[in-house]
1. With N denoting the number of residues in segment B:156-205, provide Rg(C-alpha) divided by 2.2 N^0.38 Å, to two decimal places.
2. Only loop residues by DSSP count here, and only those with at most 14 other Cβ atoms within 10 Å; note down the trypsin sites (Lys or Arg not before Pro) in segment A:15-105 that meet that.
3. So, for chain B, what is the accessible surface per residue at a probe of 1.4 Å, expressed in square angstrom?
4. Any number yet on Rg/Rh for segment B:173-228, C-alpha, Kirkwood?
5. Positive end of the charge dipole of segment B:24-70 (Lys, Arg +1 and Asp, Glu -1 on Cβ, about the Cα centre): tell me which of B:33, B:46, B:67 has its Cα farthest that way.
6. Taking only Cα atoms, what is the 0 to 90° angle, nearest 10, from helix A:92-103's long axis to the longest principal axis of chain A?
7. Below 13 angstrom from the Cβ of residue B:168, what's the summed charge of the other residues (Lys, Arg +1; Asp, Glu -1)?
8. Counting only trypsin sites (Lys or Arg not before Pro) that sit in a DSSP loop (anything but H, G, I, E, B) with at most 12 other Cβ atoms within 10 Å, what is the longest stretch of chain B containing none of them?
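The values are calculated or read from the model by the stated rules, or taken from the named source; none is laboratory data. Remember, it's a predicted structure, so these values are computed and weren't measured experimentally. As a convention, Cβ positions derive from the backbone with ideal geometry for all residues, glycine included, and neighbour counts pool all protein chains shown. All accessible areas refer to the heavy atoms of the entire protein, side chains included, with ligands and DNA or RNA removed. Shrake-Rupley method; radii C 1.70, N 1.55, O 1.52, S 1.80 Å.
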Amino acid sequence: MASSEEDGTVEEKENNNKRRTKSALATAWLTFYNIAMTAGWLVLAIAMMRFYIQKGTHKGLYRSIARTLKFFQTFALVEVGHCAIGIIRTSVIVTGVQVCSRIFMVWFITNSIRQIQNEESVILFLVVWTMTEITRYSYYTFNLLHHLPYFIKWARYNLFIVLYPLGVIGELMTIYAALPFVRRSGIYSMRLPNKYNVSFDYYYCLIIVMLSYIPLFPQLFFHMLRQRRRVLHGEVIVEKDD
Amino acid sequence: MRRTTFFEVRVLNGKTKEHLCFLDKVEPYSTIGDIKSLFHKSYPHWYPARQALSLDPKDKSLRDEDVLQNLPVGTTATMYFRDLGPQIGWTMVFLAECIGPLLTYLLFYFRVPYIYSHRYALTSSPHHVVRLACACHTCHYMKKLIETMFVHRFSHGTMPLRTIVRNCSYYWGFSAWLAYYINHPLYTPPSYGELQVNYALFIFMMCEVGNFSIHLTLNNLRAEGSRSNRFPAPTKNPFTWLFFFVSCPNYTYEVGAWLSFSIMTQCLPVALYTLLGFLQMATWAKGKHRAYSREFKEYPSVRMAIIPLML
C-alpha cells in the first residue's frame with residue numbers, strides 16, 4: 001500500500017508538470033489564435049468600409065470580401081476543438097451550434113446562392129458579425145494576457161443585447177430571400193426515383209432551419225444574459241437541477 | 001436477551017433541506033428499499049421508484065439493496081430525498097418502443113391515404129422485395145415484443161418519462177422515414193436484383209435467430225440467480241459461438257440484421273439508421289466489455305466488445 005502511495009505522488013507531480021506545460025502551450029496557441037482572428041475580422045471591417053466609401057453602394061461588397069470571410073469564419077471551427085480538448089471551458093454543444101450556424105450561412109447560403117449576395121440583409125448580418133467577432137476575440141486576447149481594459153469587457157457583455165437580435169434578423173431575411181431561388185434551381189436536392197431510394201429537398205430543409213431559430217435563439221441569448229450577470233455584476237446564478 | 005438497537009431515519013428534501021419525514025424504530029438490517037416503502041406511506045404520490053435517497057445532497061443515490069446498518073451513519077441517519085419524476089417500468093418502455101415502428105411501417109406498406117399521392121392510396125407495390133421487407137421488418141419487431149414479454153429480465157426497475165418520449169420519437173420517427181421510401185410508388189429495387197435480395201434475406205434471418213439465441217442464453221444465465229459469478233459463454237447452440245469473439249454478440253447480430261436489411265432494400269435511410277444504431281450499440285458494448293473485464297479475472301482476452309478482432 002505504501003509503495004503505491006509513493007508512486008501516486010510521483011505520478012501526481014508528473015501530471016501537474018504536464019498540466020502546467022500543457023497550459024503554457026495552450027495559452028500560447030490560444031493567444032496566437034485570438035490575435036489572428038481579431039486581425040482577420042479587423043481586415044474584413046476595414047475592407048467593407050473602404051468598399052462602401054469608394055463605391056457608395058453595397059452591391060458587389062460581398063463578392064469583394066467573400067474569400068477573406070470564408071477563410072476566417074471557417075477557421076473558427078477550431079474553437080469546437082478547443083472545447084473538446086478542454087483548454088476552453090465552454091460547452092462543446094453551445095460552441096458547436098454557434099459555429100455551425102455561421103458555417104451554414106457562409107457556405108450553404110451566401111456562397112452557393114449567388115442571387116442573394118447583394119441583398120441588404122447580407123450587409124446587416126456581416127456588419128453585426130464583424131462587430132461581435134472583433135469585440136469577442138480582442139476580449140479573449142486581452143484576457144489571456146491579463147490586461148483586460150474595462151471597455152472591452154463592457155462591450156462584449158453589452159453590445160450583444162442589440163447585435164444578437166439584429167444578426168438573427170439579417171440571417172433570417174437572407175434565408176427567406178434565398179427560398180425562391182432554391183426552389184427554382186433545386187440546388188442540393190435529390191428527387192425520387194433514384195438508386196439509393198432517398199430524397200432531400202433543400203427548400204424544406206431551409207424552412208426547418210428558419211423554424212429552428214425559434215427554440216435555439218432564446219436559449220443562446222439567455223445563456224449570454226446569464227454570463228453577463230455573472231461577469232459584470234458578480235451574481236451567482238444557481239442552475240436549475242434536472 | 002440482547003436488545004436490538006433500532007435506527008432512526010430522518011428524511012430531508014435534497015434541495016430545500018426542509019424536513020420531510022421522520023422514521024423511528026427502523027430495524028438495523030432493513031434495506032434502502034424498505035425505507036423507501038416506509039417513506040411512500042407518508043407521501044403516497046412518491047412511489048419508491050421515483051425516490052432517490054442519498055447521504056449527502058451532492059452524492060449519488062443509494063441502491064435499494066444497501067443495508068442500513070452497513071452505511072456510514074450513526075443510529076440516527078439523515079438522508080436527502082430527490083424526486084426522479086414519473087417513472088415507467090422497463091417492460092412498458094420496450095413495448096412502447098417496439099409497437100410504434102411495427103404499426104407505422106404497416107401504415108406506409110398499406111399506403112394509407114394522404115401519405116403518398118392520391119392515386120396510390122391503398123394500392124400495393126408491384127415489387128417482391130417490398131413485400132419481403134415488410135415481412136422482415138414486422139417479424140423483427142414482433143420478435144422484440146415477444147422477447148420483452150417472455151424472455152427479458154430487466155435489472156433497473158424504471159426509466160424517467162422524458163427519456164421515453166425522446167426514445168420513442170427516435171424509433172417511431174426513423175421507422176416512418178425509412179418505411180416512406182421503401183413503400184414509395186417510385187421505389188427502385190436493388191441494383192443486383194434477386195441475388196442481392198436473397199443473400200441479404202438469408203443473412204438477415206441468420207442474424208435474427210442469432211440475436212434470439214443470445215437473449216435466451218443471457219436469460220438462462222440470469223435465471224441461475226442474480227449476481228451469479230459467471231460471465232456469458234458459448235453453449236451447444238452454434239449461434240452462441242460468437243461469444244468466443246465478442247462480449248455482446250446480441251448487439252453484433254442486431255447490427256448485422258439491420259445491415260442486411262439495408263442491403264436488401266438498398267435504401268440509404270435504412271443504412272443511416274444502421275449506422276446510428278451501430279454507434280449507440282458499440283458504446284453500450286464497450287461499457288459492458290469493460291465491466292466484464294474488470295469483474296472477472298479470467299475474462300478471455302481474445303474477446304472484443306462488438307466486432308470480432310476489431311472493436
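1. Values: Rg = 16.9 Å, N = 50, 2.2 N^0.38 = 9.7 Å.
Here the Cα radius of gyration is 1.74 times the empirical estimate.
2. Working: sites: A:18, A:19, A:20, A:22, A:50, A:55, A:59, A:63, A:67, A:70, A:89, A:102; in loops: A:59, A:89.
When the trypsin sites (Lys or Arg not before Pro) of segment A:15-105 are filtered for loop state and at most 14 Cβ neighbours within 10 Å, A:59, A:89 remain.
3. Values: 17680 Å² over 311 residues.
That works out to 57 Å² per residue.
4. On the way: Rg = 18.3 Å, Rh = 14.6 Å.
Looking at segment B:173-228, the ratio lands at 1.25.
5. Highest projection toward the positive end goes to B:46.
6. Value to nearest ten degrees: 30.
7. On the way: positive: B:162, B:166; negative: B:97.
My count for the surroundings of residue B:168 gives +1.
8. Working: sites that count: B:2, B:3, B:17, B:58, B:60, B:63, B:153, B:227, B:230, B:236, B:297.
Formally, the longest exposed-site-free interval is B:64-152.
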